[in-house]
Amino acid sequence: MEIRKDILQEQNNKQIQDLEDDFSRLAEKLTKKGVNIQRLLQRLQDFQVAIPSWALGAGGTRFGRFGFFGEPTSLEEKIDDIGILHALTKTAGAVSLHIPWDIPNDYAAIKEKAKEHGIFFDAVNSNTFQDQSNAQLSYRHGSLSSMDKEVRQMAVQHNNDVVDIGKKLGSKSLTVWLADGTNFPGQRDFQSSLLNTEDSLKKIYGHMPDDWKLFIEYKPYEPNFYSTVIQDWGTSFMLANACGERAYTLVDLGHHLPNTNIEQIVATLMLKGKLGGFHFNDSKYGDDDLTVGSIKPYSLFLIFNELVNGMERNKQNPELAWMIDASHNIKDPLEDLLQSLEAIQESYAKAMLIDQESLLEAQSKGDVVQCQEILQDAFRTDVRPLLAKARVDLGGAVNPLKIYRAMEVRNKLIAERGKHTVATGL
Ligand SMILES: [Mn+2]
């Protein structure tokens, strides 16, 4: 299944006049406000989000999993699915592999396939939150933080292996999300767990090539419910500092307790030059892994405001690695990802519309009402014609979801792959 250019063009033709009308109206309005439309379009076109290899199939919960039909059963098919997303949106030009779920069999072939779709290999992710079938030792009581030296060595070795796999694909970064923690008070010693983790991460950092970056994720709870070794951004920041200058904190939107001010965390990390990566999702309660922008679009906008600001002001940060980190339990995974990609671009565009100069002036005058007006003026702008224009100019779809449905992509995937196929992953 591929998105044929002529069919895409045919579909686009039905909507292109409406888009041109909407775009000119919006462009005129924004130009009057002093917005540089070409620059905005360019930045939207440059923004590429990695799709994780585990997100192309249906996710599940610990209670069960409802499969979605026509799921990809191999890494090749997963990359084909990302190719579909990228052809339609022109903003999904990267894949993030999770090892050992997606170890390539034929590196040259997989690289060739990704290249055909215009996809590059972004951060590789290690997995020490479950035992592998051939493992000699168990992560039951932790991995990088384990009290057992041999278990720690095994976990470090796994991460080093992941780096070596990534090297063969052209990846330049490793993301570590550590599930280690405890369920009960007194179960383990906090200080030793943290020291062990620091020691393990330093070993992994030492194994990485000089042009690689290490991203350290944090999360307050789950799968453990009493304590997590890397529970918050402060712990991640401390560990990144201990490892070295190419180690950074990675913010995952779902990895916060409800109502945490994530935009302030972003601002602080960017000020300190320690924000390396970003995982998008949305949530109501915790790490719900819902479609980006489906629950709290205003929060996402405020977070993007700090990201845009930081990218301008804090050049000491690396180019951020963006990834969608969601689990699709109830929707067609590809449709869900299309919605997420749209929501990300929408928030990014709106954040770029904030009149920063006027905001600074209002802040300095203590005009709190005006500060809110400025933010919300940008938030209330319907930027969708801008996103569509940016996409179409690169050969993408006017409306990716509409065209995905019109082309009956899922039915074609089912016809090719069969109905009850199951993707590796969550
Ligand atoms: Mn994540």
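Since every read-out is calculated from the coordinates, none of them should be taken as a lab result. As the structure is a computational prediction, the values presented were derived from the model and not from experiment. Don't worry about glycine lacking a Cβ; one is built from the backbone with ideal geometry, like all the others, and counts go over all protein chains shown.
Any idea what the dipole of segment 158-200 comes to, in debye rounded to 20, about its Cα centre with Lys/Arg Cβ at +1 and Asp/Glu Cβ at -1? Write down the numbers at each step before the final one.
Details: 4 positive and 6 negative charges, 53 e Å.
Computed about the Cα centre, the dipole is about 260 debye.
Enter the Cα centre distance for the pair segment 1-60 and segment 112-173, rounded to the nearest angstrom.
34 Å
Using packing as a proxy for protection, rank 87-94, 381-388 so that the peptide with the highest average count of other Cβ atoms within 10 Å comes first. Write down the numbers at each step before the final one.
Numbers: 87-94: 24.5, 381-388: 20.0.
So the order, starting with the most tightly packed, is 87-94, 381-388.
Just check the chain against the gyration tensor rule for me: Cα atoms, a ≥ b ≥ c as the square roots of the eigenvalues, rounded for a/c under 1.5, and otherwise prolate or oblate depending on whether a/b exceeds b/c.
Details: a/c = 1.91, a/b = 1.23, b/c = 1.55.
In terms of gyration-tensor shape, oblate.
Which whole-number percent is the relative contact order of the chain (Cα, under 8 Å, 6+ apart)?
On the way: 772 pairs, mean separation 96.5, N = 426.
Result for the chain is 23 percent.
Between segment 80-96 and segment 381-426, what's the alpha-carbon centroid distance in Å?
Using only Cα atoms, the two centres lie 9 Å from each other.
Given the pairs 90/274; 29/284; 203/272, which are separated by over 32 angstrom at their Cα positions?
29/284
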